[in-house]
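Each remark here refers to the structure printed beneath this line.
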Amino acid sequence: MAKVYQETAENIQILAKALQKGELVAIPSETVYGLAANAFDEAACRKIFEIKGRPFNDPLIVHLDSLSTLDQVAEQNQTVERLAKAFWPGPLTLVLPKKKSIPSLVTAGLATVAVRIPEHPVLQKLLQACQRPLAAPSANPFGYISPTTSAHVQESLGNKINYILEGGPCRIGIESTIVDLRDPSSPAILRPGGISDRAISAILDLPLDKPSVASKEKSAPIAPGLLHKHYSPKTHFILRSTPFTETALKNLQPKEAALCFKKPDDPLTASLENVFWLSESGSDEEAARNLFSKLRQMDTGPWESIEAELISETGIGNALNDRLRRAAAKS
Ligand code: AMP
Ligand code: MG
């Protein structure tokens, strides 16, 4: 089993040294837990792909401690500054022309690199202590539900890695929004995530290409790893075309479970053991925070099938729906 390291100055030094020596460390972030390696170390990054079973054509995101280190890995432009000022540190990833320092293994051979400055204070300490950019995808077996606690990482990768850094449950709970900034005059959202497309276009004062939806992604060559099927429970998982009604919830078969957006108003319905929800209050942010935990919890239950409802596309609702659609995709 992996050892879980609490955040102490001594432990941060131990884990920073492990990363410098080419070992992998599972890290907390505000989005999801990641499996990190020194981004300059090709052999270390190769282990990430092997341990996750991730195909080599699916590039990794590189995490930096601050804007002052961006020059080491990517070409800057003025739009980067505007977005960085508004959203970094935070759940925004930018795709920029890459510098030679980053091995092509990390970027799946692309001429670009995806970069992000995370906000999580424990991860920031580790980044500053190891003084290297960290390449890190989510710390889960490829295609399975992303981890949002150290226990999730331990459950699915604990027998393959040595180090997990504890950082508590993830504050955002879904992955970063990815923006293609190769051409700053026509930015495009490659993946919806923790920051809404509306917030980004408000800062840029530019229309953005539409967020990629699951049905289009197979043909999107710019973000090769964005697969139709992803974040998938093992239990048969389907989406409803309409929201749940109280009657639909009461009529569930005993082996069918329902995943609602909001807690049902009727206390009797809410007390049914096969009825689950993402938010008490009906907030998209609370729902995002709970999504992957709830899917994992339901996936270990006695259910033959799980049915989920889509939510309103406002705020980060479209990012949540993107994850639900991919969890339900069959291939
Ligand atoms: P994750 O698996 O959540 O860490 O996200 C990584 C995703 O970011 C990949 O699956 C790609 O779709 C996208 N990505 C990473 N690097 C690039 C890049 N250089 N160009 C376009 N998309 C990228
Ligand atoms: Mg992932």
Checklist outcome for this item: Within region 283-331, of all residues that are under 13 Å from Ser146 (Cβ atoms) and touching a His at 6+ places or on another chain (Cβ under 9 Å), the one surrounded by the most Cβ atoms within 10 Å (Cβ to Cβ) is Phe292
Next on the checklist: at positive phi and touching a helix residue (DSSP H, G or I) at 6+ places or on another chain (Cβ under 9 Å): is that true of Gln131 in this structure?
Outcome noted: yes
Next on the checklist: Anything in region 109-130 that is within 26 Å of Gly173 (Cα to Cα), surrounded by fewer than 22 Cβ atoms within 10 Å (Cβ to Cβ) and small (Gly, Ala, Ser)? List them, or say none.
Outcome noted: Ala129
Checklist entry - If the Cβ limit is 8 Å and pairs must be 6+ apart or interchain, which residue in region 136-148 that is on the phi > 0 side of the Ramachandran plot pairs with which residue that is assigned to a loop (DSSP other than H, G, I, E, B) and within 12 Å of ligand 1 (Cβ to nearest atom)? => result Gly143/Leu227; Gly143/His230; Gly143/Tyr231
Checklist entry - Do any residues in region 283-299 that are free of Cβ contacts under 8 Å to residues at least 12 places away in the same chain have Cβ atoms under 6 Å from those of residues that are among the hydroxyl-bearing types (Ser, Thr, Tyr) and surrounded by fewer than 24 Cβ atoms within 10 Å (Cβ to Cβ), where the two are at least six apart or on different chains, and which pairs are they? => result Glu286/Ser279
Next on the checklist: Tell me whether region 202-213 contains one or more residues that are at negative phi, at pLDDT 95 or above and within 16 Å of ligand 1 (Cβ to nearest atom).
Outcome noted: no
Checklist entry - In the list Ser104, Ser138, which residue meets the criterion of being closer than 29 Å to Glu10 by Cα, of a type in the set (Gly, Ala, Ser) and within 15 Å of ligand 1 (Cβ to nearest atom)? => result Ser138
Next on the checklist: So in region 59-93, with the set limited to residues that are near ligand 1 (Cβ under 10 Å from one of its atoms) and among the hydrophobic types (A, V, I, L, M, F, W, C), which one is farthest from Ile27 (Cα to Cα)?
Outcome noted: Ala74
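The values are calculated or read from the model by the stated rules, or taken from the named source; none is laboratory data. Values in this document were obtained by computation on a predicted structure and should not be read as measured data. Reconstructed Cβ throughout: ideal geometry from the backbone, glycine too, with neighbour counts over all protein chains shown.
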